[in-house]
Amino acid sequence: MPKITHYINGGRYTGNPSGTVDVHDPATGESVGKVLLASVSDVNAAVDSASHAFSSWSTTSLARRAKAMYEFRNLLLENQDSLVNTITREHGKVLEDARGELTRGLENVEYACGIAEVLKGSFSESVSTRIDVKSIRQPLGVVAGITPFNFPAMVPLWMIPNAVACGNTFVLKPSEKDPTPSLILAQLFTEAGFPPGVLNVLQGDKLAVDSLLTHPEVKAVSFVGSTPVARYIATTATTHGKRVQALGGAKNHMVVLPDADLDLAADAAVSAAYGSAGERCMAISVAVAIEPIADALVSRIKDRIEDITVGPGTGTDSTMGPLITREHRDRVADYVRQGEEAGAKVIIDGRSSQVDPRGYFLGPTLIDHVTPDMSVYRDEIFGPVLVVVRVSNYETALQLIRDNQWGNGAALFTQSGAAARRFELQADAGMIGINVPVPVPVGSHSFGGWKNSLFGDTTMYGPEGVRFYTKAKVVTSRWPETESGGLQLNFPTNA
Ligand code: NAD
């Protein structure tokens, strides 16, 4: 059984693990490797390596940093098949979806290639007599990233490129459920010319995370995962004096107005609800149908679900793969039972899907006549379950979004520019889609939700990512021509 190691100081690292856990292929249930779980001494080794690398990396020119980043981009493209196959083997998503994840991750690498432009700072000449002021941004030091299972390549790439391009060094703690893609990223990083210690990968569980959160050398923590853990990370890291951005769970609503193109809306709902088996923080999990179109929308969604082929991610005709673990599959199936018992109508029941029983499969599920008090509406299910809530007007739909504990994404389907504009301004979520069901911003903007979808002040990647990974400094300088100017004990004013 292959041992899945850490990657510290430019090479694979075994250290003194506190234990190991099996990594499974979700399509077959077979173990594909054993991942090491870091002990405190392993965490210290990773942080020491990053800390040691920081002094020279932070003073390396922007030109050299950008060159290595550009080389990393090329290597990612050259090695994409290996990455895509590894993602599918450990996560289960279909190959094309894994390729899409990588493509979206690459956007952040490409943004970081332009770091010289992004970090230009600002300068004011002669703000006062013979006095100039410049504002610059400097790196923080060692920064840590803790990432979820659902995007084992893309989410690390939301963090690492900007952090490193800004001059920081990085310790990544990926999900222990699909840990190998991060090792490939680290290997390619080294091949691209980044010095040892600039990127370290630490495999592990809560012990590793807690040690990072309390380590005095770690200056900032980026986290993506479930809401309870995000809240815990934000509280603990802040208490230990670190900068934090902790992105949590979601329940994304797609509101369909009566004037919408219902075929477009149904295509979008099905793609956004069942892509990656619903294991996306930007998946659409609630369709809010504004009457009188609910029957027409549900019937179109139902027709399209019948075209989905559930199977192993490597299958040539599979369009939806398995869930990440057997426990998670059973938990999602239990939500369907709860919805049924609460009086909702199960239109398509994924529990009856017939695929390899060794794998963690659940078919796409559509539940209609759901009300906000039901657990299928209240909770984040994180599986291939789309619930339909029928409402009589736009205000009620908007209120559902406002009352929801999460605020990651929200989408509106309409043909009215005025309605779209109203929704953009009124919807209580951080990322809005207009006739776009999964409005994940491109790498030159920034990603993050509101309410329980984000703890901390700064969203991730793009310009906000650069702000998160740098601290501001303002330099005020005077170069007198001749005389000293004399003493001045009053508070300085400008003249
Ligand atoms: P998770 O919270 O279980 O795990 C995320 C990371 O935290 C992993 O590295 C894990 O090892 C670590 N972890 C887990 N429990 C911990 C604990 N008690 N203490 C310290 N560390 C702990 O999340 P997951 O199941 O891997 O991912 C799915 C969740 O991530 C969903 O809720 C999804 O919505 C969310 N997610 C959010 C976004 C976003 O951008 N908002 C993006 C992707 C995923």
If Lys173, Lys302 are placed from fewest to most neighbouring beta carbons inside 10 Å, the sequence is Lys302, Lys173
Between Ala296 and Asn435, what FRET efficiency comes out of the Förster formula 1/(1 + (r/R0)^6) with R0 = 25 Å and r the beta carbon distance, rounded to 0.05?
0.90
Among Pro292, Thr190, Gly343, flag the residue with its Cα farthest along the positive direction of the charge dipole of the chain, charges on Cβ as +1 for Lys/Arg and -1 for Asp/Glu.
Thr190
Largest first, please: the extent of the C-alpha atoms of the range 11-52 along each principal axis, to the nearest Å.
42, 18, 12
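Beyond 35 Å, how much of the Cα-Cα pair distribution for the chain remains, as a whole percent? Don't skip to the answer; put the middle values down first.
Details: 45129 of 122265 pairs.
Percentage above 35 Å: 37.
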For Gly19, distant residues with modelled amide H under 5 Å away:
Leu37
Under Karplus coefficients 6.51, -1.76 and 1.60, residue-wise ³J(HN,Hα) of the range 274-291 in Hz, glycine/proline x:
10, x, 6, 6, x, 8, 9, 5, 10, 4, 7, 10, 10, 9, 9, 9, 8, 4
In whole percent, the Cα-Cα distances of the range 226-297 spread across 10 Å bins from 0 upward as 19, 33, 21, 16, 9, 1
Between their Cα atoms, which of Lys34/Lys67; Lys93/Lys173; Lys3/Lys219; Lys3/Lys251; Lys177/Lys206; Lys93/Lys242 are more than 25 Å away from each other?
Lys34/Lys67; Lys3/Lys219; Lys3/Lys251; Lys93/Lys242
Rg and Dmax of the range 1-75, using alpha carbons, in Å: what are they?
16.7, 48
Could you give P(r) for the range 139-234, binned at 10 Å from zero, as whole percent values over all Cα-Cα pairs?
16, 54, 28, 2
Inverse of <1/r> over all distinct C-alpha pairs of the range 230-374, i.e. the Kirkwood Rh in Å, gives 16.9 Å
Can you work out the base-10 log of I(q)/I(0) for the range 413-483 at q = 0.15, 0.20, 0.22 1/Å, using the Debye formula on its C-alpha atoms alone?
-0.66, -0.94, -1.04
Could you give the distance between the Cα centres of the range 154-187 and the range 6-63, to the whole Å?
10 Å
Need one number: the % of Cα-Cα pairs in the range 90-249 sitting beyond the 28 Å mark.
26 percent
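Tally Lys/Arg at +1 and Asp/Glu at -1 over every other residue whose Cβ is under 13 Å from the Cβ of Gly448; what's the total? Provide the component values of the computation, followed by the final result.
Values: positive: Lys451, Arg467; negative: Asp457, Glu464.
Once positives and negatives cancel, what remains is 0.
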Assigned charges on the beta-carbon of Lys, Arg, Asp, Glu; the chain dipole about Cα centre (debye):
1540 debye
What nm value, rounded to one decimal, do you get for the distance between Asp373 and Glu125 when each label is placed 7 Å out toward the C-beta?
7.0 nm
Candidate lysines for bridging to Lys134, where Cα separation is under 17 Å - those fewer than 8 sequence places away on the same chain excluded:
Lys120, Lys471, Lys473
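A short reminder: the numbers here are calculations on the coordinates, not readings from a lab. Keep in mind that what you see is a predicted model, and the values were worked out from it rather than measured. All Cβ positions, even for glycine, are placed from backbone atoms using ideal geometry, and neighbour counts span all protein chains on display.
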